[in-house]
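Asks: After the structure tokens below, expect a handful of questions from me.
The values are calculated or read from the model by the stated rules, or taken from the named source; none is laboratory data. Just so it is clear, the model here is predicted, and its values are computed rather than measured. Note that we place each Cβ from the backbone using ideal geometry, even for glycine, and neighbour counts take in every protein chain shown. Remember, those area values only see protein heavy atoms, side chains included, never the ligands or the DNA or RNA. Shrake-Rupley method; radii C 1.70, N 1.55, O 1.52, S 1.80 Å.
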Amino acid sequence: LSGITLLDGDHSLGKSLLALQIAAHISSGIPMPDGTSVPQSGVIIITPDTDATTTQLQLLTAFGADLSHVEILSYIPEPDPDDPNSNYRPFSLPEDLPYLFNTVKRMNARLVIFDPFINVLSTHNRWTDQRLAGLLSTLNQCLIEHDIACLLIRNCPAKGGHARPSAIERSERFLTTAISRLLLAPDPMQPTSPLLAHDFCRHSALSQTHSLQIQPLFEHPDLPYITFHG
């Protein structure tokens, strides 16, 4: 329940949607889709270049989230000296690690979501494999010390997929640092139904693979929802 869990998969398989549903369950204390009970806790969501008001807040509300336990931290309050009309800048790592964990403490958070992680890496750094390893190690250690789970989302397709991750996003450092990995992949028997597989975990037995379906919410037919089918 603490440390980095990778959530990997190709484009359009529902990674972001799944992350928001998990966030909604944790923020409200509603049992997970597979029936696992969870304590109500704070959730921090970091999705660079995304306007939370357009879809994220609508989806979280429709999923039953308690928004008082959700903090969307995609932007940091800070005046931009080059733009007098801007009071915010995008969240970036490693610069904003202290701000993140101050927010964790304020929100009593148990889950942090980076979606996608590669977009929060600071543009002021030249990212090498070694520098990435240092950041991931520091982040993972801080998460474990504070007893916080983290969903770190990557666009990493199976063979023949559409995503074209950069060399940094494909780095083996993610796998050597993470405590577990979830993988969304098309079901070869039913391509419209993704499979959610628990690929590895360092501290517990693997969970069973789940078959998922993305379909409209009954109360909000314009919004998508993931259902679990065993």
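Asks: Given N residues in the stretch 1-96, what is its alpha carbon radius of gyration divided by 2.2 N^0.38 Å?
Replies: 1.22
Asks: I'd like to check one number: the per residue accessible area of the chain, probe 1.4 Å, reported in Å² as a whole number.
Replies: Per residue, the chain has 52 Å² of solvent-accessible surface.
Asks: Considering only G9, L223, G42, whose Cα is most displaced toward the positive end of the charge dipole of the chain, charges sitting on Cβ of Lys, Arg (+1) and Asp, Glu (-1)?
Replies: The Cα lying farthest towards the positive end belongs to G9.
Asks: Then there is this: Once amide H atoms are built 1.01 Å from N in the peptide plane, which residues 5 or more positions from A109, or in another chain, come under 5 Å H to H?
Replies: So A109 has HN proximity to G42.
Asks: Give me the tail of P(r) for the stretch 143-230 as a percent: Cα-Cα pairs with distance above 19 Å.
Replies: Value for the stretch 143-230 (Cα pairs over 19 Å): 55 percent.
Asks: With springs connecting C-alpha atoms under 10 Å apart, model the chain as a Gaussian network and identify which of N102, N140, N155 has the largest mean-square fluctuation.
Replies: Greatest mean-square fluctuation among the candidates belongs to N102.
Asks: At a Förster radius of 30 Å, what calculated FRET efficiency corresponds to the Cβ-Cβ distance of R131 and F200, to the nearest 0.05?
Replies: 0.75
Asks: If you build a Gaussian network model of the chain, linking Cα atoms that sit under 10 Å apart, which residue out of A167, A149, A19 swings the most?
Replies: A167
Asks: Note down the accessible area of H203, probe 1.4 Å, to the nearest 10 Å².
Replies: 140
Asks: Out of these labelled values of Cα extents along the principal axes in Å, (1) 53, 47, 39; (2) 58, 40, 31; (3) 52, 38, 33, which was calculated from the coordinates shown here?
Replies: (3)
Asks: Using the 2.2 N^0.38 Å rule of thumb for compact globular proteins, work out how the stretch 35-147 stacks up: its C-alpha Rg over that value, please.
Replies: 1.15
Asks: If each of S166 and E95 carries a label point 7 Å out from its Cα toward its Cβ, how far apart are those two points in nm?
Replies: With each label point 7 Å from Cα toward Cβ, the separation is 1.6 nm.
Asks: Separation of the stretch 1-34 and the stretch 165-230 by C-alpha centroid, Å?
Replies: 9
Asks: Given R₀ = 22 Å, FRET efficiency for D82-H124 by Cβ-Cβ distance, to 0.05?
Replies: 0.95
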